[in-house]
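Chemist: To start, I am sharing the structure in question, which I have written as structure tokens.
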């Protein structure tokens, strides 16, 4: 399932497996490419689930071999590299809300140099489509492939920030219930929230590590504007990563507190069960003895035998209950 391209994009490319855009030096979307050297750059977005898109990439000799291999690889993993003037790799993005679960992450493959930006995805992605629609409405004007990459990944971080804020509000609600008396059903709410936090934190950790790695490993090879962009995205991702880490610690503490409450409740139930067992044990023994079908049982011929035995059982049970209560009170 693919997103419908805007009319301008359809004029530039009629294949349904790739949407192509051309921009001038100001970032304005062009209906027809202008043949002025150095003033036009192109964005091609491929639907990698389509076999025709893969064949088109395989036969595109203008792309370096390393870029083609990164786009055509079967596995998904966070990676980023810089080689021969191309920055390329694969970074996380949220799935599109109309075509999947917006809380689940997908993978955004990209490669760009000074005049060409290539992107690919197996499923529609929210950040990419948000930037595409913003460009189509004229609100976003990327003047270069670097600006487009910056807009897409910053949009992803903004969406992730909004999701983290939503999860934080949910944790606030769960915390209020756990601190109060209405905590019995909060475990069902906490488990999916913590799982979502762990997923987001894992991908933010990977993205932050990638930006730090390329910023240190390829600092001398990167152009100045690209180096500044990587450094800025690295700082922003690291800030969001720290927020996610704090949220993960909060979720873990809430889970520990909830587990302590559940353990305390179980202990109380076990204490009541133990008291009942201890109190009823003498009664069970007495009724078991007098229930035997043998001769010579005490009070067998006495008209008040049942009453006497019942009173004896109750007295012994009350005595045992007092002993258990005293032991339980001293144990606390």
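Coordinate-derived values only; no laboratory data. All figures in this text were calculated on a predicted structure; none of them were measured in a lab. Quick reminder, even Gly has a Cβ in these numbers, built from the backbone with ideal geometry, and neighbours come from all protein chains shown.
Chemist: Sort 182, 44, 261 so the one with the fewest other Cβ atoms within 10 Å of its own Cβ comes first.
Modeler: On the way: 182 10, 44 20, 261 15.
Sorted ascending by nearby Cβ count, the order is 182, 261, 44.
Chemist: Assuming a ≥ b ≥ c are the square roots of the Cα gyration tensor eigenvalues, decide whether region 141-232 counts as rounded (a/c under 1.5), prolate (otherwise, with a/b larger than b/c) or oblate.
Modeler: Note, shape of region 141-232 comes out prolate.
Chemist: Cα convex hull of the chain: how many Å³ per residue?
Modeler: Normalising the Cα hull of the chain by residue number yields 229 Å³.
Chemist: Please check: in the Gaussian network model of the chain (C-alpha springs, under 10 Å), which one of 298, 223, 192 has the largest mean-square fluctuation.
Modeler: Taking springs between Cα atoms under 10 Å, the residue moving most is 298.
Chemist: Rg and Dmax of region 217-332, using alpha carbons, in Å: what are they?
Modeler: 34.5, 109
Chemist: For 264, 130, 76, what's the fewest-to-most ordering of other Cβ within 10 Å of each Cβ?
Modeler: The fewest-first ordering by Cβ neighbours comes to 264, 76, 130.
Chemist: From Cα coordinates alone, what are the radius of gyration and Dmax values for region 270-331 in angstrom?
Modeler: 14.4, 45
Chemist: Two decimals, Cα atoms only, Kirkwood Rh: what is Rg/Rh over region 198-259?
Modeler: Answer for region 198-259: 1.19.
Chemist: Further, regarding this structure: For region 174-241 and region 256-325, what is the separation of their C-alpha centers, rounded to whole Å?
Modeler: 58 Å
Chemist: Using every alpha carbon pair in region 94-208, what percent of pairs falls into each 10 Å bin from 0 up to the bin containing the largest distance?
Modeler: 12, 36, 28, 15, 7, 2, 0
Chemist: Moving on. May I ask you to sort 41, 86 by Cβ crowding, counting other Cβ atoms within 10 Å and putting the fewest first?
Modeler: Exposure proxy ranking, most exposed first: 86, 41.
Chemist: Same structure again: Using Cα springs under 10 Å in a Gaussian network model of the chain, which residue among 173, 73, 28 shows the largest mean-square fluctuation?
Modeler: Result for the chain, Cα springs under 10 Å: 73 fluctuates most.
Chemist: Another question about this same structure. May I ask for the angle, rounded to the nearest 10°, between helix 224-290 and the longest principal axis of the chain, with both axes built from Cα atoms and the value confined to 0 to 90°?
Modeler: 10 degrees
Chemist: Taking region 43-84 on its own, what percent of its Cα-Cα pair distances exceed 12 Å? Write down the numbers at each step before the final one.
Modeler: Working: 547 of 861 pairs.
It works out to 64 percent of all Cα pairs.
Chemist: When the chain is treated as a GNM, springs tying every alpha-carbon pair under 10 Å, which of 196, 133, 184 comes out with the largest mean-square fluctuation?
Modeler: 184
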